[in-house]
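Chemist: My structure is below; once you've seen it, I'll send some questions.
The values are calculated or read from the model by the stated rules, or taken from the named source; none is laboratory data. None of the values given here were measured: they were computed from a predicted structure. Neighbour counts run over all protein chains shown; Cβ positions are idealised from the backbone, glycine included. Just the protein is used for accessible areas: all its heavy atoms, side chains included, with ligands, DNA and RNA removed. Shrake-Rupley method; radii C 1.70, N 1.55, O 1.52, S 1.80 Å.
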Amino acid sequence: QVQLVESGGGLVQPGGSLRLSCAASGFTFDYYAIGWFRQAPGKEREGVSCISSNDGSTYYADFVKGRFTIFTDIAKNTVYLQMNNLKPEDTAVYYCAAARQLAALHYYCSGYGLSDHHGTWGQGTRVTVSS
């Protein structure tokens, strides 16, 4: 069974850190674009960061640049999102998604290459940033 399982969410104070994990089963991250997306209450889902398992290239949304880092552990078939200096506006459910990479990485983070109709999605993990 092909699936992605996220973990690592929780409650953290502003300025704190969390590391999210996305573990794949039933397939391996060979030539995949893997992305983290988030959806805050009352808002549309947005791309946060993506990584290419082919060449390790990364993409970050402007609102997380310098604070979040995406990286992979191929041996564990897992993608991570290290989130530092968290802000209340980072509060959301974070989703991991993956698809075979056939286009530029930003295409997947923009919601076209990875969407409700394309790619494998996890169930989400909730991040709450609050004092």
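Chemist: Counting only residues 5 or more places away or on other chains, whose amide H sits under 5 Å from the amide H of Phe27 once H atoms are built in the peptide plane?
Modeler: Close amide H contacts, sequence-distant or interchain: Gln3.
Chemist: Something else: Sorting Glu6, Glu89, Glu46 by accessible area (1.4 Å probe), largest first, what list results? Before the final figure, lay out each step's value.
Modeler: On the way: Glu6 10, Glu89 120, Glu46 65 Å².
Ranked list, largest accessible area first: Glu89, Glu46, Glu6.
Chemist: Taking the Cβ of Thr72 as the center, what net charge do the other residues with Cβ under 14 Å away carry, scoring Lys and Arg +1 and Asp and Glu -1?
Modeler: That sum, taken over residues with Cβ under 14 Å, equals -1.
Chemist: Using each residue's phi in segment 39-51, evaluate 6.51 cos²θ - 1.76 cosθ + 1.60 at θ = phi - 60° and report the 3J(HN,Hα) Karplus result to the nearest Hz, with x for Gly and Pro.
Modeler: Computed from phi, the couplings for segment 39-51 are 9, 8, x, x, 10, 6, 5, 9, x, 9, 7, 9, 9 Hz.
Chemist: Further, regarding this structure: Can you tell me how much longer the chain between Asn54 and His118 gets when fully stretched, taken as 0.36 nm per residue apart minus their C-alpha distance, in nm with one decimal?
Modeler: Contour length minus Cα-Cα distance gives 21.1 nm.
Chemist: Provide Asp30, Asp55 ordered by accessible surface of protein heavy atoms (probe 1.4 Å), highest first.
Modeler: Working: Asp30 80, Asp55 105 Å².
So the residues, ranked largest to smallest area, are Asp55, Asp30.
Chemist: So for the chain, what are the equivalent ellipsoid semi-axes in whole Å, largest first, each being the square root of 5 times an eigenvalue of the Cα gyration tensor? If you can, show how the numbers build up before the last one.
Modeler: Working: eigenvalues 101, 43, 39 Å².
Semi-axes (√(5λ), whole Å): 22, 15, 14.
Chemist: Accessible surface of Thr125 in the full protein assembly, 1.4 angstrom probe, to the nearest 10 Å²?
Modeler: 20
Chemist: In terms of modelled amide H atoms, which long-range or inter-chain residues lie less than 5 Å from the amide H of Gly113?
Modeler: Result for Gly113 returns Tyr108.
Chemist: Read phi for every residue in segment 15-22 and hand back ³J(HN,Hα) as whole Hz from Karplus 6.51 cos²θ - 1.76 cosθ + 1.60, θ = phi - 60°, with x for Gly and Pro.
Modeler: x, x, 10, 9, 10, 8, 10, 9
Chemist: Just the number please: accessible area per residue for the chain, 1.4 Å probe, all protein chains included, in Å².
Modeler: Working: 6700 Å² over 131 residues.
Per residue, the chain has 51 Å² of solvent-accessible surface.
Chemist: Whenever you get a sec, compute what percent of the accessible area on segment 34-131 sits on carbon and sulfur atoms (1.4 Å probe).
Modeler: Carbon with sulfur: 47 percent of the solvent-accessible area.
Chemist: Before anything else, pin down the relative contact order of segment 25-131: Cα pairs under 8 Å, at least 6 apart, normalised by residue count, whole percent. Walk me through the intermediate numbers first.
Modeler: Numbers: 199 pairs, mean separation 33.2, N = 107.
It comes to 31 percent, rounded to a whole number.
Chemist: Turning to a different aspect of this structure: At what distance in angstrom do the alpha carbon centres of segment 19-42 and segment 56-131 lie from each other?
Modeler: Using only Cα atoms, the two centres lie 6 Å from each other.
Chemist: Let me ask you something else. Along the charge dipole of the chain, Cβ charges K/R +1 and D/E -1, which of Phe27, Asn77, Gln39 sits furthest on the positive end?
Modeler: About the Cα centre, the residue reaching furthest to the positive side is Gln39.
Chemist: At 1.4 Å probe size, with no ligands or nucleic acids counted, give the accessible surface of Lys65 in Å², nearest ten.
Modeler: About 120 Å², ignoring ligands and nucleic acids.
Chemist: To continue, here is another question. What size of dipole, in debye to the nearest 20, comes out for the chain about its Cα centre when the only charges are +1 on Lys and Arg C-beta atoms and -1 on Asp and Glu C-beta atoms? List each step's numbers first, then the result.
Modeler: Numbers: 10 positive and 10 negative charges, 45 e Å.
The dipole magnitude comes to about 220 debye.
Chemist: Could you go through segment 71-78 in sequence order and give the Karplus-derived ³J(HN,Hα) for each residue, using 6.51 cos²θ - 1.76 cosθ + 1.60 with θ = phi - 60°, rounded to whole Hz, and x for Gly and Pro?
Modeler: 7, 10, 10, 4, 4, 9, 6, 9
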